[in-house]
Every structure is written in structure tokens, then in C-alpha cells.
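What follows is calculated from the coordinates using simple rules that are stated; it is not laboratory data. Here the structure is a predicted model, which means the values were calculated and not measured. With ideal geometry, Cβ positions are generated from the backbone for all residues, glycine too; neighbour counts draw on all protein chains shown.
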Amino acid sequence: MMRKRLLISLPVFLACLSGWLLLSGKPSLWQDLTQKSEKERTGYNLVPILCFHDVNGAGPYSVSIQEFRTYLDILKKENIRVWPLKKIMEYHRQNRLMEQPTMAITIDDDFENIARVAAPILREYDYPATFFVYTRDINKHPRGGMAWEDLKRLLAEGFDVQNHSHTHTAFHEPRPFESKDQFAARVTQEVVTSREILEQNLPGNKIWAFAYPMGYYSPYLESRVREAGYDLILTVDANPVDLTSNFTGIMDRYTIQKEYVDDPMAMFYKQIAYARQKYSSAEVAQVEEGPDHGLK
Ligand SMILES: [Zn+2]
């Protein structure tokens, strides 16, 4: 009787075992397979956003026309793809990796030869760029600044024009003796009114990005720029965009400069090295799991 019961229960046990394997073993195998395709994601995750200024060779952030060409030549020679800033933002939002080493070019401020010298050179190389301009001095030509006609031409040529404030002063914190309301109104002028001026004078060009002048920011200013509804805030904190990180609405840029760094070209090649750094999620997963050192 006992033996018979055992004979019956053995197939039942085997059926249960295979059922258990199906339910617990196989799904984990599937999990493994699906994780593997995630693990095998490869591409280029670091995207430096370059920030140029004037190309008249004067001042610490300016490069000469020849130096400007040299930078663009290097990008070409090193097979760096230059993409519009907006496209990189879209990739970052989706955490998509780049298929090839990529950078973006931005040019700040309102110098006349940006529109009349730098832009034609960029067109020669077929490189897109975003120009960050501030609105107070447009048409006043205080430093040979750009006129609305120049900006319209840039847009017609396929370049992008975005906001770099109204006065290009520091407005990340209140001035001495400035009331809370006065400060708030000043920030509104820099962040909101400037956008209205740009959109009124450049119809059809939506302003979606804001670059902090001189890189000054504060939690208050950040919250005001976000509140104003910009898609993207640009700093000059020099980190390449990491497409594997969560998109926060902020991207850092690397400022091309010559006086505040020991070796500007070495710094530029460092950006190229970032862009070329291959990313493999399999390797990252391995590092995260870590080698077994027998330590607990
Ligand atoms: Zn600036």
C-alpha cells in the first residue's frame, strides 16, 4: 500500500518539479535573455557641448578666425559629428546613445563677427550651431553687436538662435539693498521679457533654451527658468552630456578659452576623447556587479 502510494506520488512530484521549474526557472532564464539585450547596448554616451565666443582673437574667451578654423578642422579630421543642440537634447530625453562620436557647437553673446564671420565659416564646414544672444543691445551695436537682420539671416541659413538673457549681467542673486520683489521683477525681465523680445522680433523661431550669462546660477534662478517653461538650461560647468543619465533639463557646456587653461588644445582633445569613449552597458553591468573579492 505504501509502495503504491509512493509510485503514484513520484509522477506527481516530478510534475510538480517541472511545473516549478517552468514557473520559477524559466522566467528567470527569460529575464536573463531580455536583460542580455539591455546589457549589450553599445554606443557613445558622452556628448560635449562646445561654447565659443567671439572670433576676433581679443579677450580670454575669444579665438582668432584661424584658431576657429583649426577647431573645426580637428572636429572634421577626428570624425566628430556635429549635431544641433536640440537633437542631442531629444536623444538625452530618450536615453538614446549616439551611433558615432558627436558634439554640438554653441556661440554666445552678440558680437558682430559671430554672424558675419563665424557663421559663414560654419556653413563651409556644414556644421549646425546654436547662437545664444542677449536682447538689450541688439540693434544698438555697443560692441559691433548683431542686428535683428543678422539674426534673421542666421535663422534663414538653418542656424538656431536662443536666449542668453536681456542684459547679460549677474542676476542669480539679489543686489545689495534690492528688495525681494525688485529682484523677482529683474529676473522676470532677464528670463521672460527677453524671450518675448526674441519671439516678437524673430517670428516663427520658438525660444526653448536659456544659457546662463557668465555661468552664474542659483537654485532660485534655476526654479525661475524652469517655471518660465524652457525645455533646456545651459551652464558652462564643462561636463559632457551623459546620455545614460536621467535628463534633468540642464546641460553643461565646455567653454573654449585660452587664458584660463594651461593647454587649450589639450583640453579640446579631452572633449574629443569624451565623445569617442565607447559605452557598453554590458561592461557597466559587470562593474556594477563587481568582481568577487570574497569580502562582505
Ligand atoms: Zn555670454
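Would you mind working out the magnitude of the charge dipole of the stretch 43-277 relative to its Cα centre, with +1 at each Lys and Arg C-beta and -1 at each Asp and Glu C-beta, to the nearest 20 Debye? Walk me through the intermediate numbers first.
Values: 26 positive and 32 negative charges, 74 e Å.
Dipole size: approximately 360 debye.
Is the stretch 190-257 rounded, prolate or oblate when judged by the Cα gyration tensor, a ≥ b ≥ c being the square roots of its eigenvalues, rounded requiring a/c under 1.5 and prolate requiring a/b larger than b/c?
Details: a/c = 1.66, a/b = 1.64, b/c = 1.02.
It is prolate, given that a/c is not under 1.5 and a/b is the larger ratio.
Glu124 to Arg175: FRET efficiency via 1/(1 + (r/R0)^6), r the Cβ-Cβ distance, R0 41 Å, to the nearest 0.05? Display every interim value, and only then the final one.
Values: r = 44 Å, r/R0 = 1.07.
Result of the calculation: an efficiency of 0.40.
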Inset, instruction - Quick one: which residues, 5 or more positions from Phe131 or on another chain, have an amide H under 5 Å from its amide H? H modelled 1.01 Å from N in the peptide plane, none for Pro or chain starts. - result: Ile107, Asp160, Val161, Gln162
Inset, instruction - Return the subset of Lys86/Lys270; Lys77/Lys278; Lys152/Lys278 for which the Cα-Cα distance in this structure is over 27 Å, preserving the input order. - result: Lys152/Lys278
Legend entry - Per DSSP, loop GluC sites (Glu not before Pro) in the stretch 42-138 with at most 16 further Cβ within 10 Å: Glu78, Glu99
Legend entry - Candidates per chymotrypsin sites (Phe, Trp or Tyr not before Pro) in the stretch 171-219, loop by DSSP, up to 10 other Cβ within 10 Å: Phe177
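Expressed in nm to one decimal, what extension gain is obtained for the pair Asp262 and Arg226 from 0.36 nm per residue of sequence separation less their Cα-Cα distance?
On the way: separation 36, 0.36 × 36 = 12.96 nm, distance 3.54 nm.
So the chain would gain 9.4 nm between Asp262 and Arg226.
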Legend entry - Quotient of Cα Rg and 2.2 N^0.38 Å for the stretch 43-277, N being how many residues it contains: 0.98
Legend entry - the stretch 60-90: trypsin sites (Lys or Arg not before Pro) in DSSP loop, at most 11 other beta carbons within 10 Å: none
Inset, instruction - Extending each Cα 7 Å along its Cβ direction at Arg93 and Thr193, get the distance between those two points in nm, one decimal. - result: 3.0 nm
